[in-house]
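Presented below is the structure to which this report refers.
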Amino acid sequence: MSDDDVDPELVELLRQRFGLSGPAQDGISSDTGVLKDAEYIYNNAIDVSIDMYGTKAAAESIHEAMLQRAYSTHTWSEHELHPTKSQGLSDVDLVNFVFTIDLLNFSFWSELPDSERFQVEYKGKRYTGYKSLLACLQRALDEGIPATTPRFWVDKSCSDETWKHVFRSATEEEIPLLAQRIAILRESGQVLHQSSPDLSVVRLLEKAEQSAGKLVNLLVKYFPSFRDEARFEGRKVRLYKRAQIFVADLWAAFNATGYGIFHDIGHLTMFADYRVPQLLRSLGVLSCSPPLEYTIRDKKQIASGQSWEVQLRGCSIWAVELIRREILKQHPDAAGVNAVLIDFFLYDLAKEREAAVREGHSGVDGLPA
Ligand SMILES: Nc1nc2c(c(CN[C@H]3C=C[C@H](O)[C@@H]3O)cn2[C@@H]2O[C@H](COP(=O)(O)O)[C@@H](O)[C@H]2O)c(=O)[nH]1
């Protein structure tokens with residue numbers, strides 16, 4: 001039987017069914033390497049470890065809680081400020097809106113008390129953190145500013161003043177890293193609309209051929225701001241938090257249809273931010289060496305790229321992978337539970353707990369305190 005006897009339909013079917021990476025178009029592989037690097041970090045970490053008992057207990061409670069909440073891609077659109085087609089966005093508008101969110105989805109951290117920290121007033125409510133970003137973008141669209149259209153980012157009418165207005169705060173503290181955010185938007189607008197042939201976010205999706213891994217690698221190839229890498233124990237390690245969260249947000253925003261179809265969505269890992277590692281530590285999944293514990297307790301900043309930061313991020317990715325495997329071992333029918341949904345759930349749980357503490361009650365969420 002020669003190669004050309006193989007039915008291409010069958011090859012495509014097998015590729016889709018078993019997530020086999022197809023021939024690398026543009027030399028783009030569907031393997032991001034993030035999980036492999038996370039395991040490398042875990043195997044070489046000395047200040048962060050994963051507690052196997054804590055992981056098993058957390059896996060059971062997380063699965064139970066996700067079942068009770070019927071946690072799925074639909075949960076994404078239930079968030080009050082997430083963009084949806086029901087607000088009059090076309091599919092392309094929605095893709096571009098999600099792209100804008102995840103270009104800027106970083107560092108909402110503040111040293112100030114809640115009453116003084118950066119916050120956005122939108123439709124009579126105040127938002128901080130990740131939600132403040134969503135509020136800025138929704139408010140801009142309401143004001144007729146096309147803040148989520150990449151072509152606008154490189155338009156001469158789109159000045160620093162425009163962005164200061166879009167990201168204006170309801171307090172004295174402005175949005176963290178405003179200059180970096182403006183630079184990322186301009187750089188990304190140039191990549192899309194000042195390269196030849198003309199690129200667009202939708203064109204990138206087409207080049208990715210519905211592979212989550214390929215799309216992550218395309219984003220890293222074309223956009224420097226998505227190149228979330230570090231050096232650890234003499235080796236480059238890939239974390240790709242925002243590139244992965246963009247693919248995951250697309251998958252969720254489109255409910256795994258249309259531009260949200262990814263045959264290998266299970267290839268994505270947890271997104272190594274600062275919220276989920278905090279929660280994994282409080283769930284008894286991650287444990288830290290005494291010097292690192294004291295640093296966290298004393299709220300001392302850990303610099304980006306510093307060994308402790310890489311250990312916390314890499315071990316969090318690996319811990320969520322172990323939780324995912326444990327859930328599947330305990331519940332073989334839970335095939336739909338992937339690292340993306342576990343991560344989304346853990347982030348939302350972290351925010352619920354933060355709100356419960358702020359409102360003075362320890363909301364009972366059924367997970368280990
Ligand atoms: N690992 C992980 N990190 C996430 C998210 C999200 C929001 N995703 C939404 C989409 C679906 C989910 O249901 C969420 O509602 C933001 N972040 C990160 O947290 C930080 C902001 O924290 P705070 O200042 O407290 O709001 C910042 O680095 C941001 O990049 C997530 O899902 N996973």
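The values are calculated or read from the model by the stated rules, or taken from the named source; none is laboratory data. All figures in this text were calculated on a predicted structure; none of them were measured in a lab. Here Cβ is always computed from backbone atoms with ideal geometry, including for glycine, and neighbour counts include all displayed protein chains. With ligands, DNA and RNA removed, areas are computed over all heavy atoms of the protein, side chains included. Shrake-Rupley method; radii C 1.70, N 1.55, O 1.52, S 1.80 Å.
Laid out as a table, the results:
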item: Single condition Tyr71 does not satisfy, out of (1) within 16 Å of the ligand (Cβ to nearest atom); (2) touching a helix residue (DSSP H, G or I) at 6+ places or on another chain (Cβ under 8 Å); (3) in a helix (DSSP H, G or I); (4) over 26 Å from Tyr294 (Cβ atoms); result: (3)
item: Checklist (1) within 13 Å of the ligand (Cβ to nearest atom); (2) surrounded by fewer than 24 Cβ atoms within 10 Å (Cβ to Cβ); (3) within 13 Å of Gly213 (Cβ to Cβ) applied to Val247, failing item; result: (2)
item: Of residues in region 70-112 being of a type in the set (D, E, K, R) and touching an Asp or Glu at 6+ places or on another chain (Cβ under 9 Å), the one nearest to Ile323 (Cα to Cα); result: Asp102
item: Index of the failed condition, Pro150 passing every other in (1) farther than 19 Å from Leu81 by Cβ; (2) open to solvent by 30 Å² or more (accessible area, probe 1.4 Å); (3) touching a residue at least 40 places away in the same chain (Cβ under 8 Å); result: (2)
item: Positions within region 266-278 being open to solvent by 10 Å² or more (accessible area, probe 1.4 Å) and either more than 9 Å from the ligand (Cβ to nearest atom) or in a helix (DSSP H, G or I) (or both), in sequence order; result: Gly266, His267, Arg275, Pro277, Gln278
item: Any hit, region 327-337, residues being among the polar types (S, T, N, Q) and more than 13 Å from the ligand (Cβ to nearest atom); result: yes
item: Residue in region 250-265 that is nearest to the ligand (Cβ to nearest atom), counting only those that are within 17 Å of Asp102 (Cβ to Cβ) and either without any contact (Cβ under 8 Å) to a residue 12 or more places away in the chain or not aliphatic (A, V, I, L, M) (or both); result: Trp251
item: Arg281 within 16 Å of the ligand (Cβ to nearest atom), over 23 Å from Arg227 (Cα atoms), open to solvent by 20 Å² or more (accessible area, probe 1.4 Å) and not hydrophobic (A, V, I, L, M, F, W, C); result: yes
item: Top-ranked residue in region 345-356 [being open to solvent by 30 Å² or more (accessible area, probe 1.4 Å) and in contact (Cβ under 8 Å) with a residue 40 or more places away in the chain; ranked as nearest to the ligand (Cβ to nearest atom)]; result: Tyr347
item: Single condition Gln311 does not satisfy, out of (1) within 16 Å of the chain's Cα centre (by Cα); (2) open to solvent by less than 40 Å² (accessible area, probe 1.4 Å); result: (1)
item: Failed item in (1) surrounded by 14 or more Cβ atoms within 10 Å (Cβ to Cβ); (2) polar (S, T, N, Q); (3) free of Cβ contacts under 8 Å to residues at least 24 places away in the same chain; (4) closer than 30 Å to Asp348 by Cβ, with Gln180 passing the rest; result: (1)
item: Residue match in region 116-129 (condition: acidic (Asp, Glu) and either touching a Pro at 6+ places or on another chain (Cβ under 8 Å) or within 14 Å of the ligand (Cβ to nearest atom) (or both)); result: no
